[in-house]
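The values are calculated or read from the model by the stated rules, or taken from the named source; none is laboratory data. These numbers come from a predicted model, not from an experiment. Glycine gets a Cβ as well: all are built from the backbone with ideal geometry, and neighbour counts include every protein chain shown.
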Amino acid sequence: MKSLYSIGEVLIDFIPLQKGRALKDVLEFERAPGGAPANVAAAVAKYGGKASMITKLGMDAFGDVLLEQLQQAGVNTDKITRTNEANTGLAFVSLREDGERDFSFYRNPSADLLLSEDEIEESWFESGDILHFCSVDLVESPMKHAHVKAIRSAKAKGGIISFDPNVRLPLWSDPEDCRKTILEFIPMAHIVKISDEELEFITGVSDIKEAIGSLFTGDVIAVIYTKGAQGAELYLKDRKYDSIGYRVEVQDTTGAGDAFIGGFLYQLLEKDVSQQRLEEVLHMHYQEILTFANASGALTTTGKGAISSLPKKDEIYKLLQD
């Protein structure tokens, strides 16, 4: 099996012990490892795939915790560097009664944003590997340029590029900067995952079909449109595949989208996908891939935090059989 590489933020999520309160009114939190790219890497590793994280952590206790948690999840951490120039990023979360979230981020900058393009090695990547990234670390910083080098390097070796914008507007000084940056990076990807909450903001188009069609630009081969508990739709340039979601008792939606795309990418790795065969594999195995991904995302919402709530692979198959 080839490897997944995730590049971007790894941080500590502080999850509230009380639901239904504004962040200013939350008195108690519990600590959980997080950061969307890290959650995806952990999902792939937990399901039996090979996954590595590319990032930078602070030389602090939170960085120690994250390194330990990723290793325990089975993620390869030899491409994570440490720095004294900034602290590890933190995110405080408040949960509404329905499990949806609000965020407050502490990074100005955080250590991950200091990873430079010079620290990306072209030799890391091989044909058939998958490189996954999100938009949180695409703010103007050394890390943005590290993303560009990693994408070019992986693609040149025959790797597949996966992009989940995972919009977090509080991290951007201007929402339009966020939107423009996402649109800049979409053509670099082969797979784009986008949620129902993000589609119109990113594309500027209210009609769903037209908006999704506009994402097929540059190297994009597949668009995954996620709808939470309603499941997901997979679009190829000339085909659309639907899938249903799974009803579960939601505790916390943190990491659900990451668990979905982690399950999706794990399935691709398991099927020995290549850049050239990506469309063919998705066409042949869409049902199996989407149902696994939907179950992965759904089960993650039944616990608190992201990495700590990822289900075991046999729990996913049990849900699929029920």
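Details
- The residues of region 193-240 that are among the aromatic types (F, W, Y) and under 16 Å from I261 (Cα atoms), listed by number, are Y225, Y235.
- Candidate set: region 106-144, residues that are out of contact with any strand residue (DSSP E or B) (no Cβ under 9 Å at 6 or more places or on another chain), among the charged types (D, E, K, R) and under 20 Å from L169 (Cα atoms); chosen: the one surrounded by the fewest Cβ atoms within 10 Å (Cβ to Cβ): E140
- Residues satisfying the stated conditions in region 302-322, i.e. under 19 Å from V10 (Cα atoms) and either in contact with a Pro (Cβ under 9 Å, 6 or more places away or on another chain) or not aliphatic (A, V, I, L, M) (or both): K304, G305, A306, I307, S308, S309
- Within region 251-271, the set of residues being part of a loop (DSSP other than H, G, I, E, B), modelled with pLDDT under 95 and out of contact with any Asp or Glu (no Cβ under 7 Å at 6 or more places or on another chain) comprises Q251, D252, G255.
- Condition met for V44 (touching a Lys or Arg at 6+ places or on another chain (Cβ under 8 Å), surrounded by fewer than 22 Cβ atoms within 10 Å (Cβ to Cβ) and not in a strand (DSSP E or B)): no
- With respect to being farther than 16 Å from H190 by Cα and in a strand (DSSP E or B), V93 fits the description.
- Scanning region 272-291 for residues that are surrounded by fewer than 24 Cβ atoms within 10 Å (Cβ to Cβ) and either assigned to a helix (DSSP H, G or I) or of a type in the set (A, V, I, L, M) (or both) yields a total of 12.
- Residues in region 92-134 that are hydroxyl-bearing (S, T, Y) and within 30 Å of L27 (Cα to Cα): 4 in all.
- Taken over region 257-271, the criterion of being in contact (Cβ under 8 Å) with a residue 40 or more places away in the chain and surrounded by fewer than 24 Cβ atoms within 10 Å (Cβ to Cβ) is satisfied by L269, E270.
- Just one of (1) more than 25 Å from S104 (Cβ to Cβ); (2) modelled with pLDDT of 95 or more; (3) touching a strand residue (DSSP E or B) at 6+ places or on another chain (Cβ under 9 Å) fails for S243. It is (2).
- Residue match in region 197-211 (condition: over 23 Å from F125 (Cβ atoms), surrounded by fewer than 20 Cβ atoms within 10 Å (Cβ to Cβ) and β-branched (V, I, T)): yes
- Matching residues in region 145-187 - criterion: being surrounded by fewer than 20 Cβ atoms within 10 Å (Cβ to Cβ) and either outside any helix (DSSP H, G or I) or in contact with a strand residue (DSSP E or B) (Cβ under 8 Å, 6 or more places away or on another chain) (or both): K155, K157, G158, R168, P170, L171, W172, S173, D174
- Any hit, region 222-244, residues being part of a helix (DSSP H, G or I), without any contact (Cβ under 8 Å) to a residue 60 or more places away in the chain and surrounded by fewer than 22 Cβ atoms within 10 Å (Cβ to Cβ): yes
- Extreme residue, nearest to E28 (Cα to Cα), among residues of region 288-317 that are polar (S, T, N, Q) and in contact with a strand residue (DSSP E or B) (Cβ under 7 Å, 6 or more places away or on another chain): S308
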